[in-house]
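*Asks:* Before we start, here is the structure in question, set down as structure tokens.
The values are calculated or read from the model by the stated rules, or taken from the named source; none is laboratory data. Remember, predicted model here, so these are calculated numbers, not experimental data. Counting neighbours? That spans all protein chains shown, and the Cβs are built from the backbone with ideal geometry, glycine included. Note: accessible area is taken over every heavy atom of the protein model, side chains too, but ligands, DNA and RNA are not part of it. Shrake-Rupley method; radii C 1.70, N 1.55, O 1.52, S 1.80 Å.
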Amino acid sequence: MNEDKPNILLIMVDDLGIGDLGCYGNDTIRTPNIDRLAKEGVQLTQHISAASLCTPSRSAFLTGRYPIRSGMVSNTNHRVIRTLGVPAGLPLNETTFVALLKEQGYSTGLIGKWHQGLNCQTRNDHCHHPYNYGFDFFYGMPFTLFHPCWPDPSRDTELAIESRLWLCVQLVAIAVVTLTVGKLRGWISIPWPLILSMVLFVLLLAYFWYSSYTSSLYWDCLLMRGQEITEQPMKAERAGTIMVKEAISFLERHNGGPFLLFFSFLHVHSPLPTTDDFIGTSKHGLYGDNVQEMDYMVGKLLDAVNDFGLRNNTLVYFTSDHGGHLEARIGHAQLGGWNGIFKGGKGMGGWEGGIRVPGIVRWPAKLPGGQFIGEPTSLMDVFPTLAAVSGARLPQDRVIDGRNLMPLLQGEIQHSEHEFLFHYCGSFLHAVRWHPPNNVWKAHYVTPVFQPPGAGACYVTEYCECSGENVTYHDPPLLFDLSRDPSESTPLTRDTEPLYDLVIKTVASALKEHRETIVPVRQQLSELNQDRVWLRPCCGVFPFCLCDKPGNLSTLGS
């Protein structure tokens, strides 16, 4: 093992609220493995996502850059990649930390959720596949969980019919070709209407089969190993267990290091597919059950690191892509997370509940455990941090918004290198955070209108919007001091804050300078975010796209 280059295990949970973990104050959901990780490592208490929705947040995480720079934003209400049938995706000219570490000799793997696109022009070109961004190995879901994915219907009959139906289509097609050739050569005498009726039969069969599977369950809820579809549609309940086994297999294959494994959970995104062993184990219904199952799986990953003798020189990082989804519920049953004392949640560009996330870093060889750091840090910081610990050189041809965390984690500096952080909702800037000594100011230029009136989220629209009639524009901006009012409950005024005018002016100046660094690029999540039938992945011959072949653990990437 190369002692100068640590192994890297990155763990990202989907939609986890910061208030759902014991180490962040929850005493009603059991998360012993994550709590143990926090005690053994450094806990970041002001860790911020660059976006409050999956696709842009993850692109910023991978590239160390605000999503507005890569075009992973939208000026519409569709702010994530909508289906696997769209050509949108992380531009190939973006550099990920995965590609940097691969150049440094790291074996790289992604297990779990991707949600950064898949195809561009055909259903098999895989232009946005993880392999094109530095990953050697991939097993997981190229899209994201959503309600059609679980509970999944029994597909045994469908799979049996599909194989026989495709055989029937092939036989009829062969018969059509044979009869047509025979008719043209004069070998047989058969009326053209009969041949045309057979062609029509095949076309109608394909059409009705396709029409019967217009649910996105069949086109988006799927799993891939490498570039092969293994389950279409997937069995979501067993997916997490398989992914953990794949991760342990990856660790075993690469325990000589150095390796980078990004374990990207499908948990705890609705519809919360949970195994029977965890159903009913929490005090918070299905959501709490799913969180506790996720924690159990984190424990399995950490145990594997220990069992392979990798603990001391493995940097483990744990986070969520953004805050919990307050509006996720069925009736009165809550299916989304809790964001603690912080206002708002998933989909809200500025309010703290949508962007304040857990952040835990453990590296026994370099970092003493049991520390708490309350300085502003960002998911974008992972990019330059991994570059620093691996010996990679940061790209010089673009703006990198993240900062190397190691000096802060090791106590070499006491103050965050982020003087300002900018909080976007899609392509619209909503808030700015300024961090002088002893204060954390946040100015909101735009805030969502909660509905119904008096609510704490956007229950009518399910997600808060970024612009238009469902937001409020503030001039001057709403101002809060997060060091005194972390829940953003009482806006400051000239009468209540002597520094009000100075803060407003300073933030405005910083925003002006920031905007001058933004180079306009094509917005991937706007005009490119439209479904194209011909881009939908298919494990067979379109439209007969059903398969279930999880098989044995792959040796890809070994």
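*Asks:* For Cα pairs less than 8 Å apart in space and 6+ apart in sequence, what is the mean separation divided by the residue count of segment 366-470, i.e. the relative contact order in percent?
*Replies:* Reported relative contact order: 16 percent.
*Asks:* Now for a separate question. Compactness ratio of segment 319-464: Cα Rg over 2.2 N^0.38 Å, N = residue count?
*Replies:* 1.20
*Asks:* Same structure, new question: Okay, helix-only estimate at 222 nm for the chain: each DSSP H run of n ≥ 4 adds -39500 (n - 2.57), divide by all residues, round to 500 deg cm²/dmol; what do you get?
*Replies:* Counting only the DSSP helices, I get -9000 deg cm²/dmol.
*Asks:* As an exercise, find the ratio Rg/Rh for the chain from alpha-carbon atoms, using the Kirkwood inverse-distance average for Rh.
*Replies:* On the Cα set of the chain, Rg over Rh gives 1.02.
*Asks:* Which number do you get for Rg(Cα) / (2.2 N^0.38 Å) in segment 1-114?
*Replies:* Working it through for segment 1-114, the quotient is 1.26.
*Asks:* Oh, and also: Could you work out the relative contact order of the chain, using alpha carbon pairs under 8 angstrom and six or more residues apart, expressed as a whole percent?
*Replies:* Working: 1219 pairs, mean separation 154.8, N = 558.
For the chain, the relative contact order is 28 percent.
*Asks:* For an R0 of 35 angstrom, estimate the FRET efficiency from the Cβ-Cβ distance between residue 393 and residue 531 and round to the nearest 0.05.
*Replies:* 0.30
*Asks:* Evaluate the charge dipole of the chain about its Cα centre and quote only its size in Debye, nearest 20, assuming +1 on the Cβ of each Lys and Arg and -1 on the Cβ of each Asp and Glu.
*Replies:* 1200
*Asks:* Using alpha-carbon pairs under 8 Å, 6+ residues apart, how would you state the relative contact order of segment 38-115 in percent?
*Replies:* It comes to 25 percent, rounded to a whole number.
*Asks:* Can you compute the charge dipole magnitude of segment 456-558 about its Cα centre, using +1 on each Lys and Arg Cβ and -1 on each Asp and Glu Cβ, nothing else charged? Give it in debye, rounded to the nearest 20.
*Replies:* The dipole of segment 456-558 has a size of about 620 debye.
*Asks:* Starting from 0 in steps of 10 Å, tell me what percent of the Cα-Cα pairs of segment 431-547 lands in each bin.
*Replies:* Per 10 Å bin, starting at zero, the Cα-Cα P(r) for segment 431-547 comes out as 11, 27, 27, 18, 10, 7, 2 percent.
*Asks:* Can you give the charge dipole size of segment 372-451 about its Cα centre, rounded to the nearest 20 debye, using +1 on the beta carbon of Lys and Arg and -1 on the beta carbon of Asp and Glu?
*Replies:* It works out to roughly 160 debye.
*Asks:* Which whole-percent values make up P(r) of segment 299-385 when all C-alpha to C-alpha distances are grouped in 5 Å steps starting at zero?
*Replies:* Reading upward from the zero bin: 3, 12, 17, 18, 16, 13, 11, 7, 3, 0.
*Asks:* What is the distance in Å between the Cα centroid of segment 338-396 and that of segment 221-286?
*Replies:* Here the two parts' Cα centres lie 23 Å apart.
*Asks:* What area, in nm² and to one decimal, does the C-alpha convex hull of segment 53-145 cast on average over all directions? Let's see the in-between values first.
*Replies:* On the way: hull surface 23.8 nm².
Value for segment 53-145: 6.0 nm².
*Asks:* Multiply the residue separation of residue 125 and residue 187 by 0.36 nm, subtract the distance between their alpha-carbon atoms, and state the gained length in nm to one decimal. Intermediate values should be presented prior to the final figure.
*Replies:* Values: separation 62, 0.36 × 62 = 22.32 nm, distance 4.25 nm.
Between residue 125 and residue 187, full extension yields an extra 18.1 nm.
*Asks:* Positive end of the charge dipole of the chain (Lys, Arg +1 and Asp, Glu -1 on Cβ, about the Cα centre): tell me which of 533, 507, 457 has its Cα farthest that way.
*Replies:* With unit charges placed on the Cβ atoms, the residue in question is 533.
*Asks:* Dipole of the chain (Lys/Arg Cβ +1, Asp/Glu Cβ -1, origin at the Cα centre): which of 400, 517, 254 lies farthest to the positive side?
*Replies:* 254
*Asks:* Ok, one more. Rounded to a whole number, what % of the accessible area of segment 1-148 do carbon and sulfur atoms account for, probe 1.4 Å?
*Replies:* 46
*Asks:* Something else about it: Tell me, in nm to one decimal, what length is gained between residue 279 and residue 245 on full extension, where the rule is 0.36 nm per residue of separation less the Cα-Cα distance?
*Replies:* That pair, residue 279 and residue 245, stretches by 10.2 nm at full extension.
*Asks:* What distance in nm lies between label points placed 7 Å from Cα along the C-beta direction at residue 365 and residue 515?
*Replies:* Placing both labels 7 Å beyond Cα along the Cβ direction yields 4.7 nm.
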